[in-house]
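For reference, the structure is listed below as structure tokens.
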Amino acid sequence: MDHLRTVGIVTAALFLAGGVAGCGSSSGGDGKISVVTSTNVWGDVVAQVGGDLVDVTSIVSDPSADPHSYEGSARVQLALSKADLVVVNGGGYDDYATTMLDGLSSAPPVVEAVAVSGRTDDDLNEHVWYDLPTVAAVANEVGAQLADVDPGNATTYTANAAAFTAKVDALVARTVEMAETVGGQAVAATEPVPGYLLDALGLVDKTPPKFAKAIEDETDVPPTVMRDTLALFTDHQVVALVYNSQTTGPQTEQVRAKAQAAGVPVVAVTETLPAGHDYISWMTANVDALVKALGVDE
């Protein structure tokens with residue numbers, strides 16, 4: 001495990017020692033619906049749909065924490081047991097949450113984003129929050145589940161979900177438009193995190209699959225694979241590097257340095273929601289950064 005991942009897990013664990021990190025109060029004792037989400041990405045989606053009617057608790061919200069490696073605690077399990085609704089990513093991304101839910105004698109309703117996406121193991125990249133249509137579908141499912149829990153406010157949840165998905169649809173339309181300009185260009189990525197967004201823009205990920213897998217699995221990249229990856233920049237085979245700033249180590253730093261030395265733009269992305277952003281502003285910023293790196297002057 002590299003240094004950044006270790007620090008992220010310890011930080012999150014210390015944060016949870018004093019209470020689960022949340023978008024709002026975690027009690028639900030004020031009459032609001034209590035929703036627990038595995039990460040603050042899904043926490044923000046729930047907050048957009050639930051508005052003032054929900055209290056949202058996001059288990060992982062530290063920008064340096066890695067949900068792949070995160071380990072829950074008794075306090076997290078208690079929060080899950082008291083929730084009216086739980087939203088997880090699924091697909092092996094946040095197994096700590098699904099394992100804890102399985103251990104409850106009476107589990108709350110659960111929305112699993114990967115299941116909502118309809119994607120199978122054959123075509124699954126578990127980072128489905130970078131898949132805009134999936135996020136819209138999750139928002140609608142959250143709205144339906146909140147309406148089941150709180151029927152008196154069903155119309156509000158439905159309206160909020162519709163307003164949020166309209167914003168997502170507008171961003172989808174923008175990616176389709178931009179794909180006409182940037183589609184077909186080759187890029188590299190240190191991890192498959194933004195894969196769905198790259199696909200939506202019609203970009204071609206030239207990263208050797210064994211490189212991305214080694215980084216995600218926290219294993220050393222084989223020397224021949226590393227050589228081929230670095231050649232993407234020295235040989236100018238790609239026009240940008242998409243860099244996951246939440247998963248760093250000597251080999252990803254080497255790749256970033258090689259890209260910079262070759263004059264290849266580096267676009268940083270994250271797995272959790274950065275401070276100061278909601279989901280829409282975050283994804284909009286990601287699209288803006290990508291198209292700017294690809295030389296598009298909007």
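The values are calculated or read from the model by the stated rules, or taken from the named source; none is laboratory data. As the structure is a computational prediction, the values presented were derived from the model and not from experiment. For neighbour counting, all protein chains shown are included, and Cβ atoms are generated from backbone atoms with ideal geometry for every residue, glycine included. Just so you know, the surface numbers come from the protein's heavy atoms only, side chains and all, with ligands and any DNA or RNA stripped out. Shrake-Rupley method; radii C 1.70, N 1.55, O 1.52, S 1.80 Å.
So which helices (runs of 4 or more DSSP H) stay within the stretch 103-221 end to end and still have 2 or more residues that are in contact with a Phe, Trp or Tyr (Cβ under 9 Å, 6 or more places away or on another chain) and open to solvent by less than 20 Å² (accessible area, probe 1.4 Å)?
Values: elements: 113-117, 132-149, 154-182, 195-200, 209-216.
In the stretch 103-221, 113-117, 132-149, 154-182, 195-200 are the helices (runs of 4 or more DSSP H) which contain 2 or more residues that are in contact with a Phe, Trp or Tyr (Cβ under 9 Å, 6 or more places away or on another chain) and open to solvent by less than 20 Å² (accessible area, probe 1.4 Å).
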Across the stretch 222-238, what is the total count of residues that are open to solvent by 60 Å² or more (accessible area, probe 1.4 Å) and without any contact (Cβ under 8 Å) to a residue 12 or more places away in the chain?
4
Taking the stated definitions as given, is Ala17 over 21 Å from the mean Cα position of the chain (by Cα), modelled with pLDDT of 80 or more and either small (Gly, Ala, Ser) or surrounded by 24 or more Cβ atoms within 10 Å (Cβ to Cβ) (or both)?
no
Could you say which residue among Asp62, Asp94 is modelled with pLDDT of 90 or more, of a type in the set (D, E, K, R) and out of contact with any Leu (no Cβ under 8 Å at 6 or more places or on another chain)?
Asp94
Sole residue being among the hydrophobic types (A, V, I, L, M, F, W, C), modelled with pLDDT under 95 and closer than 18 Å to Ala47 by Cβ, chosen from Ala79, Ala161:
Ala79
Log entry, pairs with first residue in the stretch 258-287 being closer than 30 Å to Asp228 by Cβ and among the β-branched types (Val, Ile, Thr), second being loosely packed, with under 15 Cβ neighbours inside 10 Å and modelled with pLDDT of 95 or more, beta carbons closer than 7 Å, six or more apart or on different chains, reads Val266/Gln260
Could you run through the stretch 228-264 and say how many residues are within 26 Å of Val60 (Cβ to Cβ), hydroxyl-bearing (Ser, Thr, Tyr) and in contact with a helix residue (DSSP H, G or I) (Cβ under 8 Å, 6 or more places away or on another chain)?
4
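Here's the yes/no breakdown for (1) open to solvent by 40 Å² or more (accessible area, probe 1.4 Å); (2) modelled with pLDDT of 95 or more; (3) in a strand (DSSP E or B):
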| site | (1), (2), (3) |
| --- | --- |
| Thr247 | no, no, no |
| Glu253 | yes, yes, no |
| Ala259 | no, yes, no |
| Gly263 | yes, yes, no |
| Ala268 | yes, yes, yes |
| Pro274 | no, no, no |
| Trp282 | no, yes, no |
Please determine whether any residue of the stretch 84-94 is open to solvent by less than 60 Å² (accessible area, probe 1.4 Å) and assigned to a helix (DSSP H, G or I).
no
Answer yes or no: is there a residue in the stretch 263-275 that is farther than 30 Å from Ala166 by Cα and not aliphatic (A, V, I, L, M).
yes
